[in-house]
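Please read the structure below before turning to the comments.
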Amino acid sequence: MSEESLHRMRHSASHVMAEAVLEMFPDGKTAIGPAIEDGFYYDFDLPRPLTLEDLAQIEARMQERIADDLAFARREMPRAEALELFADQPYKVELIQDLPEDAPISIYTHGGFTDLCAGPHLDSTGQVGAFKLLNVAGAYWRGDEHRPMLQRIYGTAWEDQAQLDDYLWRQEEAARRDHRKLGKELDLFSIHEVGGAGLVCWHPKGARIKRLIEEFWYQEHERGGYEIVSTPHIGKGDLWAVSGHLDFYRENMYSSMDIDGVPYYIKPMNCPYQILIYKTRLHSYRELPLRWAELGTVYRYERSGVLHGLLRVRGFTIDDAHIICMPDQVDDEILGVYNFSMDMLEAFGFQEFDIYLATRPREGKAVGEPARWEQAQAALRRALDARGLPYAVDEGGGAFYGPKIDIKVKDALGRAWQCTTIQFDFNLPDRFDMTYIGEDGQEHRPYMVHRALLGSLERFFGTLIEHYGGAFPVWLSPVQAMVIPIADRHVAYAREVQAKLRQEGIRADVDDSGDRMQAKIRNAQLQKVPYMLVVGDREAENSTVSVRLRSEKNLGAKTLADFMVMVEALIESKEPHKLTLANDD
């Protein structure tokens, strides 16, 4: 079934659901009920809160209407007639009144239910496939917190039961992999209301993984010809005025602070300061391109309602870089960033990607002449076309200073997560009067390419948690081996094993708790530790360890040297899913 057909079916399912709800609550008021990605919803103003039992009854009534195979009939009518028809439905009346005077007003009827709707719909209710009502949530009318709170019923609909079952499994698996849940269970991070919503505290294990990501990032950037810079966390208001942030980005910035009578702002982006570094001296065309990278922490205001664990925060670190180059170097640099991005993302185990070209925002939300935007967008298109890459266009999705390429990774469940952004910028070099001395001895204006490969480290970390379900690759695991003494008399040998592993750079802990051996193994598995090394009398006598995997596979006794060789090889290779050197993980 095509996406268009699925959309039509889900929209039709929302009408069938609205009819069922009004049968149960005849005095209920209906608002809107669109199709959405993977499903549909409808907003209701009802006399009491809905329960899970109500959803079961609504589903049963929907099945009856689907079995009746009622035709969907469309009709257009004058505004006055529509207002009279929906006189007892205030939300529909408001929608009608907000339509332009000359806009056609259409209704859809199936059986005894009629709704204000532009369509389209299926031919009949009998064409609605397999569906399931998922949950009820609160939703302000028209998203305005000062308007009435409505009850929103979410549902999903698919062509057949097999597709529905697959979707429900993926939803259950997504809940199991939820990074907020695993972040607590694995003791990785926390966010505290008393400390501030959207501000992340990294626990020792989480900070260890974050440091591993950062060390890999620094290593790869130095190999890739980048130089590392570091810039302040706050800046004078004049800086953000010149950059355009105060004009075009103020709603995402925090309020100013007064320092010696001068307004300062905590930085929402790193780029203006890197430009100031550039302007400390003259530059020749022989130096270009300059590639400057920074793990820069920024702060942006996000509404409390959209904050979501690590995925939507107020303070985060961007793996930021800016390439300052001559106009004839732009295409090669953009392509180079794309290749670098793919190498980085694949190193973390991602193989599938969605690519978007984000174009000029609407008037009043962008700086620069339209012709310059077209030039910049053409440069990004050439880079994508040069690799024969399929991409979609995100109309109006560019930054205020230039268009961009967005790359989203697909996780183990096929969900897309925003990571890499490659932005072409011709505006900030103008606003900051950046120049270089060309081969002709004259001053010329450079171009800038902004780029972040992993995006924010916080969001990337959350993505990794959900992609791997907390079972990180060996090289990223905060504890790579848990040494488990069978009895208290084996603790001394367990400590010897731990010390030797740590000397070789393998992160090892010892579980010397009073728990029984099987409980210790279970605890290590729950913590997603790749290897459990059980040691007892035999292991101590033979200088071996009994190796078990978090997958519950038992590798049996190995010398410590053999175990270390295997683990070191896997750390070096960064194999995302392997725990042994064999192909039977």
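Looking only at residues of segment 77-103 that are hydrophobic (A, V, I, L, M, F, W, C) and assigned to a helix (DSSP H, G or I), we find that the one that is surrounded by the most Cβ atoms within 10 Å (Cβ to Cβ) is Ala82. Counting only residues that are within 12 Å of Arg8 (Cα to Cα) and not in a helix (DSSP H, G or I), how many does segment 108-136 have? Residues flagged as within 12 Å of Arg8 (Cα to Cα) and not in a helix (DSSP H, G or I) within segment 108-136 amount to 9.
Only residues that are touching a helix residue (DSSP H, G or I) at 6+ places or on another chain (Cβ under 7 Å) and free of Cβ contacts under 8 Å to residues at least 12 places away in the same chain were counted in segment 370-411, giving 0. Phe472 meets each of the listed conditions (1) crowded, with 22+ Cβ neighbours inside 10 Å; (2) touching a Phe, Trp or Tyr at 6+ places or on another chain (Cβ under 9 Å) apart from (2).
Can you name the residue in segment 435-452 that is outside any loop (DSSP other than H, G, I, E, B), in contact with a Pro (Cβ under 7 Å, 6 or more places away or on another chain) and not hydrophobic (A, V, I, L, M, F, W, C) and, of all such residues, is modelled with the highest pLDDT?
Checked segment 435-452; the qualifying residue modelled with the highest pLDDT is Tyr436.
Of the strands (runs of 3 or more DSSP E) lying entirely inside segment 313-420, the ones with 3 or more residues being surrounded by 21 or more Cβ atoms within 10 Å (Cβ to Cβ) and modelled with pLDDT of 90 or more are found at 315-325, 404-410. I'd like to know if segment 221-230 contains one or more residues that are exposed (fewer than 14 other Cβ atoms within 10 Å of the Cβ), among the basic types (Lys, Arg) and out of contact with any helix residue (DSSP H, G or I) (no Cβ under 6 Å at 6 or more places or on another chain). Checking segment 221-230: at least one residue is exposed (fewer than 14 other Cβ atoms within 10 Å of the Cβ), among the basic types (Lys, Arg) and out of contact with any helix residue (DSSP H, G or I) (no Cβ under 6 Å at 6 or more places or on another chain).
With the structure loaded, tell me whether Thr280 is farther than 23 Å from Phe348 by Cα, loosely packed, with under 13 Cβ neighbours inside 10 Å and either hydroxyl-bearing (Ser, Thr, Tyr) or in contact with a Cys (Cβ under 8 Å, 6 or more places away or on another chain) (or both) or whether it fails that test. When the stated conditions are applied, Thr280 passes them. Across segment 141-170, the number of residues qualifying as within 14 Å of Asp38 (Cβ to Cβ) and in a strand (DSSP E or B) comes to 5. The numbered conditions (1) at pLDDT below 95; (2) under 21 Å from Leu579 (Cα atoms); (3) not β-branched (Val, Ile, Thr) are all true for Asp515 except (2).
Cβ separations smaller than 9 Å between residues 6+ apart or across chains give the following pairs from segment 238-250 residues that are over 10 Å from Arg431 (Cβ atoms) to residues that are aliphatic (A, V, I, L, M) and part of a helix (DSSP H, G or I): Leu239/Leu276; Trp240/Leu246; His245/Leu239; Asp247/Ala241. Looking only at residues in segment 168-207 that are of a type in the set (Val, Ile, Thr) and surrounded by 15 or more Cβ atoms within 10 Å (Cβ to Cβ), the one that is nearest to Pro478 (Cα to Cα) is Val200. For segment 171-192, does any single residue satisfy the condition of being modelled with pLDDT under 95, touching a strand residue (DSSP E or B) at 6+ places or on another chain (Cβ under 9 Å), outside any loop (DSSP other than H, G, I, E, B) and not β-branched (Val, Ile, Thr)? Among the residues of segment 171-192, at least one is modelled with pLDDT under 95, touching a strand residue (DSSP E or B) at 6+ places or on another chain (Cβ under 9 Å), outside any loop (DSSP other than H, G, I, E, B) and not β-branched (Val, Ile, Thr), which makes the answer yes.
Within segment 270-297, the set of residues being within 18 Å of Gly244 (Cβ to Cβ), at pLDDT 95 or above and outside any helix (DSSP H, G or I) comprises Lys279 only.
The values are calculated or read from the model by the stated rules, or taken from the named source; none is laboratory data. Since this is a predicted model, take the numbers as computed values, not measurements. Positions of Cβ are backbone-derived with ideal geometry, glycine not excepted, and every protein chain shown enters the neighbour counts.
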